[in-house]
Each structure stands twice: as C-alpha cells, then as structure tokens.
Amino acid sequence: MIIMFETGVSDTAVVSASQIASRFEGITPRRYDYDGSLQTVTELHLLGATEAVPTEVFQSLPGVRKVVRISARYRLVGRHDPSVESPGFKYNGVNFDDRGVKIFAGLCAVDTRDHVEQTFQELAKHNLVTTRMGAYKPRTSPYDFQGLGAECLPWVFELAGKYGIKVISMEVTDAHHIDEINRALEASGQATGVMLQVGTRNAQNFELLKQIGRQKTLPVLFKRGMGITLEESLNACEYIASEGNPNIVFCLRGVKSHLGDPHRNLVDFAHVPVVRRQTKMPVCVDPSHSVGSSRVAPDGISDIFHAMGQGLIAGASMVLVDFHPCPDKALCDGPQALKIPDLPRLIAYVQRVRSAYEELIAL
Ligand code: PEP
Ligand code: MN
C-alpha cells in the first residue's frame, strides 16, 4: 500500500500517518521523498502484508491525496496515480521531466581530444549543454576498440567545462567505473556532470544495477534490454530505485528480432506511451542504436530522424544520438553517426515534432 501526500505536506502529517501505520501488526512504513524538477512528491510505503489494513484510515488524514493498494511490481518507479504529473528530477542545473526534450548528441566512443573538442564546440554553437561520450565500450568482439577508459576522463571533463556542457551520458560496465568517474569529476573541480548509462547488455547485471542505485549523486540512463521483456527491464530499474536512487531515465533503443530486420534492431518506440503509463520515469529514445545506419528515405529524411520522430510524437522527452565530427575516423559506430551539418537539422526536427506533439495533446 502506498500513501501519496499533497505537495508541501507537513512533516507532522507524514509522521502521524506513519505512526498509525506502525500500529498494524507486521507493517513497516517507509518514507520516500522525490525531490523533482517540477514538484516534491512524498510517499509513505507500507511494507508487509497490507491486506488487512483499511485504506480509509489513511484517506481521511490531513495532507493525504490518495491511498493506493499496489499489486504493481514497480513500487518505486511505478506511476500509481495517472492523473499526477511525474515529478521529474534536476541534475547539475538540467531538468529531466516531461515538459520538454533534451538532446544528448555526442561520440559513441571517445577517441581523440580533438574530436571531443570539435563535438563540444558544435554543441555549444547550438546552445546544447547535454551530450553522450563513451569511455567504457562493451563490444561484441574482444578485438574491437574497447574505449579509452579512465585515461580520457580528465580531458573529456576539462573540455566539457570549457564549453559549458552540464551533463554527459556515459556508459559504465563495472562498478569501479563509477569510482573512476567520481574521482575524475572531483579532480576537474566538478567541471561537468555525468549521467551513468546502463547499456542494453547490462540490463540485468543486478550487481551493477545495485551499485549504481547505491550512489545518489549521479542520475541514471537505463537502456532497455534488447532481448528481454519490457517488464524485465522495468524491474531492473526498480532494482536501481530500491537501492536509493530514483533519478532514472528509461531509454528505448530497439530490440533484437529474428526477422532479418533491415535496421540494426527492431524500433520499439511505440512503447514510449506504455512506459509513461506504467512508470514515473522520463522516456528517452535512441534512434542511432535502433536504426544503425545513416540511410536516407526517398523523402530525403534519414531513417534515424524518422525513427526519432516516432518516439517524440509519442511523448519521449530525451533523445540520445551518435554524432561525430569525422565519422570516417570514428572507432565505433561511425556509419550511424550524425555529421556536423546534421546538428541544426536535428534540433529543428526535434523542436517541430515536439511542438506537433504538444498541439496534439491540446486537441
Ligand atoms: C551506446 O549507447 O553506446 C550503446 C552501446 O548502446 P546499447 O547499450 O543500446 O547497445
Ligand atoms: Mn554505439
């Protein structure tokens, strides 16, 4: 059972509800505060066998908005009241919520200092303060480039600071990468911020998920597992949240199919409203790793843009996309990277589709 409180509820009201809950045998109340970018949401979760606990006792208490019995598995990441806007969260001055779209364009894999600098320069030119940079790369073949690892972090963070980049989405494949990132951020004087990316291949690496959840400083971009059910991926996010970190963005990136897909993965962006209905998490789409090429349709628009548009028109609030100033020299995923002239087109495309989405809601 979850007791959801009105915004700005007093501590006394929450404590009093908690004391009442404790009187029921076998029930442990646990308080959660979501300090969101849009609002602070307070919930009291009653742990234990709540079948015998009547909801009416709590419903009539001052400050209580709603009491829900949850059979849902997603106690923490779940959206228990569809009428309430998700609280979102704020990190390093950037809001992650459903009110707008954040564009994370950047290098799939960090290769040279020069390419990182050129990328940041282009982003800054277009007032973008968010990006992606892969330092630790999980690759299918052990002979492929595995990423520069901790070695590149000092200059990536220094350059990010120089160009006003606020948040870098960076995949971690092992818990010690979190420490390396934190140490490098500290050494850089917190020149920028990092969002820890869980890659599709680690979607059920439960020990990694727990370690990521145990730290509350860095938010998380969780990428849907490519070969597991959506429910399993949402449960994986619950692992992160249940360890203490609820600041998670859920990223769709396509799924494996046996159908000889013309794209690298089968685009699953029709699941944006499904994830939004079931959870509070802002939803990101990654058209680069879904589509996997820069091929263009007869209308002159690339498959990557078309796929991205599908996600945005369905309410996605973040886009993760591979970009490279010299894709021919990229050490990973060059063929699917957007190029310098694509960047203003990307921004215009995102803005147009988002506006259309907002107009459709108003209809
Ligand atoms: C990536 O974004 O760099 C990546 C490897 O993606 P995914 O985990 O979705 O394959
Ligand atoms: Mn890639």
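The values are calculated or read from the model by the stated rules, or taken from the named source; none is laboratory data. These figures come from a predicted structure and were not determined experimentally. Ideal geometry is used to build each Cβ from the backbone, glycine not excepted, and the neighbour counts take in all protein chains shown.
The residue pairs whose first member lies in the stretch 261-290 and is surrounded by fewer than 20 Cβ atoms within 10 Å (Cβ to Cβ) and hydroxyl-bearing (Ser, Thr, Tyr), whose second member is at pLDDT below 95 and not in a strand (DSSP E or B), and whose beta carbons are closer than 6 Å, counting only pairs six or more residues apart or on different chains, do not exist in this structure. If the condition is being in contact with a strand residue (DSSP E or B) (Cβ under 7 Å, 6 or more places away or on another chain) and farther than 14 Å from Pro219 by Cα, then the stretch 144-182 contributes Val156, Ala160, Ile165. Against the criterion of being in the same structural domain as Met170 (by TED's automatic domain parsing) and surrounded by fewer than 20 Cβ atoms within 10 Å (Cβ to Cβ), Gly48 does not qualify. Does Phe145 satisfy the criteria of being within 14 Å of ligand 2 (Cβ to nearest atom) and surrounded by fewer than 23 Cβ atoms within 10 Å (Cβ to Cβ)? When the stated conditions are applied, Phe145 passes them.
Restricted to the stretch 159-174, and to residues there that are within 16 Å of ligand 1 (Cβ to nearest atom) and touching a residue at least 60 places away in the same chain (Cβ under 8 Å), the residue that is farthest from Arg139 (Cα to Cα) is Val167. Exactly one residue among Glu151, Glu122 is away from ligand 1 (no atom under 15 Å from the Cβ), touching a helix residue (DSSP H, G or I) at 6+ places or on another chain (Cβ under 6 Å) and in the same structural domain as Gly334 (by TED's automatic domain parsing), and that residue is Glu122.
When Arg224 is tested against the conditions (1) out of contact with any Gly (no Cβ under 9 Å at 6 or more places or on another chain); (2) within 16 Å of ligand 1 (Cβ to nearest atom); (3) basic (Lys, Arg), the lone failure is (1). Out of Asp97, Asp35, one residue alone is acidic (Asp, Glu) and either assigned by TED's automatic domain parsing to the domain that holds Pro327 or touching a strand residue (DSSP E or B) at 6+ places or on another chain (Cβ under 6 Å) (or both). It is Asp97. When Val194 is tested against (1) surrounded by 23 or more Cβ atoms within 10 Å (Cβ to Cβ); (2) within 16 Å of ligand 2 (Cβ to nearest atom), only condition (2) is not met. Just one of the listed residues (Val84, Val67) is crowded, with 20+ Cβ neighbours inside 10 Å and either modelled with pLDDT under 95 or over 22 Å from Ser242 (Cβ atoms) (or both), and it is Val67. For the stretch 348-363, the tally of residues that are over 14 Å from Met308 (Cβ atoms) and part of a helix (DSSP H, G or I) stands at 6.
Note on the stretch 327-350: among residues that are farther than 17 Å from Ser302 by Cα and surrounded by 12 or more Cβ atoms within 10 Å (Cβ to Cβ), the one that is farthest from ligand 1 (Cβ to nearest atom) is Lys329. A single entry from Thr130, Thr192, Thr229, Thr140 fulfils the requirement of being within 16 Å of ligand 1 (Cβ to nearest atom), under 21 Å from the mean Cα position of the chain (by Cα) and hydroxyl-bearing (Ser, Thr, Tyr): Thr130.
Of all residues in the stretch 150-176, those that are of a type outside the set (Phe, Trp, Tyr), in a helix (DSSP H, G or I) and farther than 25 Å from Arg224 by Cβ total 11.
Within the set Arg201, Arg132, Arg99, the sole residue that is in contact with a Pro (Cβ under 6 Å, 6 or more places away or on another chain), closer than 30 Å to Arg277 by Cα and either surrounded by fewer than 16 Cβ atoms within 10 Å (Cβ to Cβ) or not small (Gly, Ala, Ser) (or both) turns out to be Arg201. Being assigned to a loop (DSSP other than H, G, I, E, B), closer than 18 Å to Leu338 by Cα and in contact (Cβ under 8 Å) with a residue 12 or more places away in the chain is a description that applies to Asp111.
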